Amino acid sequence: MTRLLTDWRKQTYGRALLIALVVSSVFAPFWPALTSQSDEGLGGDFTAFYGAGMLANEGDYQVLYTEDAQLAAQTEGTPMEGGRFLYFSYPPAVAMTYGVLANLPYVQAYAIHLLFMFGALLAAIAIGGTLLPKIKASPERALLIALGFWPMRQVIVGGSNTAFTLFLLVVIWRLLESERELSAGLVASLLLFKPTFGLPFLAVLFVSRRWRALGGGLMGGAVYFAVNSALAGIGWIIPWWDQAQRFGEKDAIINGPAASSILGFAQNFSKAQWTWYTIVAAGLLVMVWLGTAWVWSRPGVDLGTLMAVFAVASIWGSAHAMSHEIAVLLLPVAVLVQRARKPVGHWLFVMDFVSWFGLAMIALGWAPSFVMAMIIGSLVLRELPGWIAGESVVDKTLVPSG
């Protein structure tokens, strides 16, 4: 009997699905605005960035983190209405960057942002192909898996910037592999736009004694600090930190169902109160980063392992990782696939299918993405002893670190 799924059918169906995903991710979000002259609901998180850009363009960074100012900006310039707004908590320089887009009409600005994030994903896959031969052999399949992964689709459609974070991590990996450590450090400093990624990465560069990379990161970080100081004053970090703490406490209640880190998942059920299980979760957070530091400090561990471990730790060990941010876990997934001794394509499609249960997080009251993050991280942990020992690293293009 002829097989139901021949190679030709697999290729044809896969390409058809890829086209459908690209259309639904890149073009479909604009359909309501194009057909009804309304952009209500368009952009998701981008409304916060656009509103912050509007405030930055006015030049008064002293009101950047006030709720009234953010509400007024988003009400005036974005589809937000009815007294609702999305809070912006990034450093001032990020608001300045989004100020470029805020000079454009909202729909145009969102379109550019969406295309930029889609381009960042494409670039991450292209560069990833120079590191992992299985991606190079089938970039279309890599894009299909990435767009089919609900958190990544939410990143692109929902106006977030995690695709850029993933792109930076892949670029850093490529530069470290090429022994261009100073350049890798400079790129790593760009992660400081999202301090929950940037600061831990500088820390692992320190524990791994990659002094040139750390030097590049500190130089870039100094420039970043200077830019923020020029915008909001030399003491900008104090009000920024204060508002970030307040935002974290409120967000644990308001957006708790989207929390996908260990601590965030616990805080969702405690409503940001300290209970025995949030204390346990905080202890696990510390253990995650201590374990990550230990792996990075060991000589001879290949960079694929190090980057996979960091990506997992950036979610597990985050105080504030949301469901869309687990898109960075596509990096350790790619490493797992590369090193698998048997075909795992069917499991990738299962992963994508299950990831769409994230749509039910509000109804459930908790994030299915948390479970997905735990599964991916657990698979990395299962393979980690062999990777450290060099027993399971079948990709000979990954050079040992040291």
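For residue 153, the conditions (1) surrounded by 21 or more Cβ atoms within 10 Å (Cβ to Cβ); (2) basic (Lys, Arg); (3) in contact with a Gly (Cβ under 8 Å, 6 or more places away or on another chain) are fulfilled apart from (3). Considering the stretch 165-196, the residues that are of a type in the set (Val, Ile, Thr) and over 13 Å from the mean Cα position of the chain (by Cα) include one that is surrounded by the fewest Cβ atoms within 10 Å (Cβ to Cβ), namely 171. Pairing residues of the stretch 325-346 that are at negative phi with residues that are assigned to a loop (DSSP other than H, G, I, E, B) and of a type in the set (Ser, Thr, Tyr), at Cβ distances under 7 Å and at least 6 apart in sequence or on separate chains, gives 325/260; 326/260; 339/392.
Scan the stretch 326-343 and give yes if some residue there is in a loop (DSSP other than H, G, I, E, B), within 28 Å of residue 253 (Cα to Cα) and touching a Gly at 6+ places or on another chain (Cβ under 9 Å), otherwise no. Scanning the stretch 326-343 turns up no residue that is in a loop (DSSP other than H, G, I, E, B), within 28 Å of residue 253 (Cα to Cα) and touching a Gly at 6+ places or on another chain (Cβ under 9 Å).
Rundown of residues vs (1) out of contact with any Leu (no Cβ under 6 Å at 6 or more places or on another chain); (2) touching a residue at least 60 places away in the same chain (Cβ under 8 Å); (3) within 28 Å of residue 224 (Cα to Cα); (4) part of a helix (DSSP H, G or I), yes/no style:
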position: 101; (1), (2), (3), (4): yes, no, yes, yes
position: 122; (1), (2), (3), (4): yes, no, yes, yes
position: 141; (1), (2), (3), (4): yes, yes, no, yes
position: 151; (1), (2), (3), (4): yes, yes, no, yes
position: 155; (1), (2), (3), (4): yes, yes, yes, yes
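Pairs meeting the criteria (first residue in the stretch 352-374 and surrounded by 23 or more Cβ atoms within 10 Å (Cβ to Cβ), second residue part of a helix (DSSP H, G or I) and polar (S, T, N, Q), beta carbons under 6 Å, at least 6 apart or on different chains) are 358/323; 358/369; 367/323; 369/323; 372/355. Taking the stretch 215-319 as the region of interest, the helices (runs of 4 or more DSSP H) fully inside it that hold 3 or more residues being closer than 26 Å to residue 358 by Cβ and among the β-branched types (Val, Ile, Thr) are 276-297, 303-316.
Looking at 148, 198, 159, 216, just one residue is among the small types (Gly, Ala, Ser) and more than 20 Å from residue 324 (Cβ to Cβ), and that residue is 216. Among residues of the stretch 290-306 that are within 17 Å of residue 331 (Cα to Cα) and small (Gly, Ala, Ser), those with a Cβ under 6 angstrom from a residue that is buried (at least 16 other Cβ atoms within 10 Å of the Cβ) and modelled with pLDDT of 95 or more, sequence gap 6+ or separate chain, pair up as 304/335.
The values are calculated or read from the model by the stated rules, or taken from the named source; none is laboratory data. The structure displayed is predicted, hence computed values, not measured ones. Glycine gets a Cβ as well: all are built from the backbone with ideal geometry, and neighbour counts include every protein chain shown.
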